[in-house]
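The values are calculated or read from the model by the stated rules, or taken from the named source; none is laboratory data. It should be emphasised that the depicted structure is a prediction, and the values quoted were computed from it without experimental measurement. When we count neighbours, we look across all protein chains shown, and the Cβ atoms used for this are built from the backbone with ideal geometry, even at glycine. Note: accessible area is taken over every heavy atom of the protein model, side chains too, but ligands, DNA and RNA are not part of it. Shrake-Rupley method; radii C 1.70, N 1.55, O 1.52, S 1.80 Å.
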Amino acid sequence: MKGRNLIDKRLFTRVEYTESVSVYYEDQVVLGEVRNVSLQGLFIALEHKMPQHAPFDVTVVFSSDESIILNASVVRCGKNGIGVQIKHMGLSSFFHLRKAVGMQCKDLDLIIRETCMISSCIH
């Protein structure tokens, strides 16, 4: 895993996180780079423009046996990329995402509280 640092707190703990990502949108695959993550969403640096509220799937691959696969939607569009909210993710993807956030946060109680808040999107 590449560079990670604790950055601004919003509703969920957000940490810097850099990893390549594949975005699947309208029968096309667009490559980008995750810049930061929380248990609820991520920011993806992306040259391809996507409309706000557009649903899509995203895959972040760490290694041959570790990846995060999410169903998300665009909540913020900017010139450098998109802010996305996670709508659905599998249990395995959730564990990888929680590990990425937890490695920087170091506050287990906070991560547990945040986990309870997003449990409805884990399936």
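Which one of these is of a type in the set (Gly, Ala, Ser), closer than 15 Å to Val23 by Cβ and buried (at least 18 other Cβ atoms within 10 Å of the Cβ): Ala100, Ala72, Ala45?
On inspection, the qualifying residue turns out to be Ala72.
Give me a count of the residues in region 22-57 that are within 10 Å of the chain's Cα centre (by Cα) and not in a loop (DSSP other than H, G, I, E, B).
Selection size over region 22-57: 8.
Give the residues of region 75-97 that are crowded, with 16+ Cβ neighbours inside 10 Å and hydroxyl-bearing (Ser, Thr, Tyr), sorted by residue number.
Ser93
Only residues in region 90-105 that are within 12 Å of Leu70 (Cβ to Cβ) count as the first member; pair them with residues that are open to solvent by 20 Å² or more (accessible area, probe 1.4 Å), Cβ under 6 angstrom, at least 6 apart or cross-chain, and list the lot.
Ser93/Ile69; Phe94/Ile122; His96/Glu66
Taking the options Val34, Val60, Val30, name whichever one is more than 27 Å from Ile112 (Cα to Cα) and buried (at least 16 other Cβ atoms within 10 Å of the Cβ).
Numbers: Val34 fails: more than 27 Å from Ile112 (Cα to Cα); Val60 fails: more than 27 Å from Ile112 (Cα to Cα).
Only one candidate qualifies: Val30.
Please enumerate the residues belonging to region 9-30 that are among the hydrophobic types (A, V, I, L, M, F, W, C) and in contact with a His (Cβ under 8 Å, 6 or more places away or on another chain).
Val23, Val30
Of (1) part of a strand (DSSP E or B); (2) at pLDDT below 80; (3) of a type in the set (Val, Ile, Thr), Ile68 satisfies all except one. Which?
Only one criterion in (1) part of a strand (DSSP E or B); (2) at pLDDT below 80; (3) of a type in the set (Val, Ile, Thr) is unmet by Ile68, namely (2).
Can you tell me which condition Tyr25 does not meet? The list is (1) in contact with an Asp or Glu (Cβ under 9 Å, 6 or more places away or on another chain); (2) exposed (fewer than 13 other Cβ atoms within 10 Å of the Cβ), and all the others hold.
Tyr25 satisfies every listed condition except (2).
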